[in-house]
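A.B. asks: A single structure is presented below for examination.
The values are calculated or read from the model by the stated rules, or taken from the named source; none is laboratory data. Predicted, not measured: the structure shown is a model, and the values here were computed from it. Here the Cβ positions follow ideal geometry from the backbone for every residue, glycine too, while neighbour counts run over all protein chains shown.
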């Protein structure tokens, strides 16, 4: 009787934990909304997108704040050489801090629901950096593809199920290529 109670209590606790909501940083394919990457996240933390500019061939770093699901402001962009589609001067409330030969663009008034990224097909090497983990986006979706990086809340059990699905897709991909 006592063992049965302990077992029921144990499974009840495990089941309850699996229903806890967690925040997740995720990458989804534009259009299909296919989930191709996810990682547990924390509100108030920062993530970065690193890439190489196709003309200047220099690194660019974009820094974003995970405020809340559907609310991701850009905090800073850093680059060391001007090029097409990079800021040429401060706009609106932006200001620039130049240090160590790099331009740091701050003061953005731009909030994304999800951050759009077109994965570079040749040079760009877009890489998501969060919590000490670097993930080349071409490893999770095809070069030239269009993805969104977002923050969402889901149950812990849903996270585990989707993680297994991502892992299985990755195994199928490597088995046939």
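A.B. asks: Need at least 3 residues that are under 24 Å from residue 109 (Cβ atoms) per element, so show me which strands (runs of 3 or more DSSP E) inside region 27-80 make the cut, counting only ones lying wholly within it.
C.D. replies: Working: elements: 35-40, 46-52, 59-65, 72-79.
Per the criteria, 46-52, 59-65, 72-79.
A.B. asks: Look through 112, 92, 79, 160 and report the one residue that is under 27 Å from residue 21 (Cα atoms) and over 16 Å from the mean Cα position of the chain (by Cα). Let's see the steps before the verdict.
C.D. replies: Working: 112 fails: over 16 Å from the mean Cα position of the chain (by Cα); 92 fails: under 27 Å from residue 21 (Cα atoms); 79 fails: under 27 Å from residue 21 (Cα atoms).
Just one listed residue meets the conditions, 160.
A.B. asks: So, residue 52, is that one surrounded by 13 or more Cβ atoms within 10 Å (Cβ to Cβ) and touching a residue at least 60 places away in the same chain (Cβ under 8 Å) or not? Working first, answer last.
C.D. replies: Working: surrounded by 13 or more Cβ atoms within 10 Å (Cβ to Cβ): yes; touching a residue at least 60 places away in the same chain (Cβ under 8 Å): yes.
Taking the combined requirement at face value, the residue satisfies it.
A.B. asks: Scan the strands (runs of 3 or more DSSP E) fully inside region 88-177 and keep the ones with 3 or more residues being touching a helix residue (DSSP H, G or I) at 6+ places or on another chain (Cβ under 9 Å) and surrounded by 11 or more Cβ atoms within 10 Å (Cβ to Cβ).
C.D. replies: Where strands (runs of 3 or more DSSP E) fall fully within region 88-177 and carry at least 3 residues being touching a helix residue (DSSP H, G or I) at 6+ places or on another chain (Cβ under 9 Å) and surrounded by 11 or more Cβ atoms within 10 Å (Cβ to Cβ), they are 146-155.
A.B. asks: Separate question: Among the residues of region 1-26, how many are part of a strand (DSSP E or B) and either in contact with a helix residue (DSSP H, G or I) (Cβ under 8 Å, 6 or more places away or on another chain) or at pLDDT below 95 (or both)? Outline the logic, then answer.
C.D. replies: Filtering region 1-26 down to residues part of a strand (DSSP E or B) leaves 21-26.
Narrowing further to those that are either in contact with a helix residue (DSSP H, G or I) (Cβ under 8 Å, 6 or more places away or on another chain) or at pLDDT below 95 (or both): 21-22, 24.
Residues flagged as part of a strand (DSSP E or B) and either in contact with a helix residue (DSSP H, G or I) (Cβ under 8 Å, 6 or more places away or on another chain) or at pLDDT below 95 (or both) within region 1-26 amount to 3.
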